[in-house]
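To start, the structure itself, in structure tokens.
The values are calculated or read from the model by the stated rules, or taken from the named source; none is laboratory data. Since the structure is predicted, the reported quantities are computational estimates derived from the model, not experimental observations. Every residue, glycine as well, gets a Cβ built from its backbone with ideal geometry; the counts of neighbours run over all protein chains shown.
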Amino acid sequence: MKISCMSKRATRPTVAALMILCLGAAAFAQEQPPEGDGTLPIESEWDGSPTELYGKGDQTFVIALGTVFPLFFARASGDSIENNVKIGGAGSLNYNYYLNSRFALGGEFGGMFAGTLGENMLFVMPFGLKATWHFIASPFEFPVSLMVGAASQLHLENSYFGLIVKPKASAYWRYNPDWSFGLDAAWWWLPEWTDDPDTTVYGNFLELTLAARYHF
């Protein structure tokens, strides 16, 4: 009888000890890190290679503001004419869709204004299609583009609607995967064709703008 009583008393602390051991094991298992080095995965930084930065379907939207400089005006014969246009302002919006890591197609819409020696204003509003070739030396990018389109010109009561050809070279610094900032230098070639070759004029302007580019 004494032995029997001692066995019953010993059973209770044994069960309690087992329960404590089980709870401790469960808590220990929850505190263990997942397999591996215990660190959470993070997004890897792009290394600047074209395949990392751009792929088919990538797009960019660019806003640019700056200055336009009148360079020279020439007739069809090649003779230069007096330049009466002052330095003015220019801006543009453009969109690009990448067909691969190096080449994009898109469109551009912009405008410029400049005063004249006669205290009047010249307004030009070009738009057109643009092809861009991309050169990359991370974190810098050097797009070279060609825009061909049409431009509406207005000076006093005179207006003209005709061709514009606009080659452009740019340099951008890639700030992060979403934004890059840089400088654009573009040449505006604006012919004004008339029925009389002696009055046909080819205008040439240089545009320098600061640009912000959004990638999506």
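On the basis of being closer than 19 Å to residue 174 by Cβ, surrounded by 10 or more Cβ atoms within 10 Å (Cβ to Cβ), at pLDDT below 95 and touching a strand residue (DSSP E or B) at 6+ places or on another chain (Cβ under 9 Å), does residue 71 make the cut? Talk me through it step by step, then tell me what you get.
Numbers: closer than 19 Å to residue 174 by Cβ: no; surrounded by 10 or more Cβ atoms within 10 Å (Cβ to Cβ): yes; at pLDDT below 95: yes; touching a strand residue (DSSP E or B) at 6+ places or on another chain (Cβ under 9 Å): yes.
Here the answer is no, as residue 71 does not meet what is asked.
Among the residues making up segment 166-182, those that are under 22 Å from residue 149 (Cα atoms) and surrounded by fewer than 20 Cβ atoms within 10 Å (Cβ to Cβ) are 167, 169.
Going residue by residue through segment 56-64, is there one that turns out to be surrounded by fewer than 18 Cβ atoms within 10 Å (Cβ to Cβ), touching an Asp or Glu at 6+ places or on another chain (Cβ under 9 Å) and not aromatic (Phe, Trp, Tyr)? Write out each step before concluding.
Just the residues of segment 56-64 that are surrounded by fewer than 18 Cβ atoms within 10 Å (Cβ to Cβ), to begin with: 56-59, 61, 63.
Restricting the remaining residues to those that are touching an Asp or Glu at 6+ places or on another chain (Cβ under 9 Å) gives none.
No, the conditions are met nowhere in segment 56-64.
Quick check on residue 159: is it assigned to a strand (DSSP E or B), more than 17 Å from residue 207 (Cα to Cα) and in contact with a Lys or Arg (Cβ under 6 Å, 6 or more places away or on another chain)?
Working: assigned to a strand (DSSP E or B): yes; more than 17 Å from residue 207 (Cα to Cα): yes; in contact with a Lys or Arg (Cβ under 6 Å, 6 or more places away or on another chain): no.
Judged against the criteria, residue 159 is not a match.
Out of 90, 114, 76, 151, report the one residue that is at pLDDT below 90, surrounded by 14 or more Cβ atoms within 10 Å (Cβ to Cβ) and over 15 Å from the mean Cα position of the chain (by Cα). Even if it seems obvious, please write down each step before you answer.
Details: 90 fails: at pLDDT below 90; 114 fails: at pLDDT below 90; 151 fails: at pLDDT below 90.
None of the others qualify; the one that does is 76.
Hey, can you tell me all the residues within segment 132-145 that are in a strand (DSSP E or B) and loosely packed, with under 15 Cβ neighbours inside 10 Å?
Just the residues of segment 132-145 that are in a strand (DSSP E or B), to begin with: 132-137, 140-145.
Of everything in segment 132-145, those that are in a strand (DSSP E or B) and loosely packed, with under 15 Cβ neighbours inside 10 Å turn out to be 133, 135, 137, 140, 142, 144.
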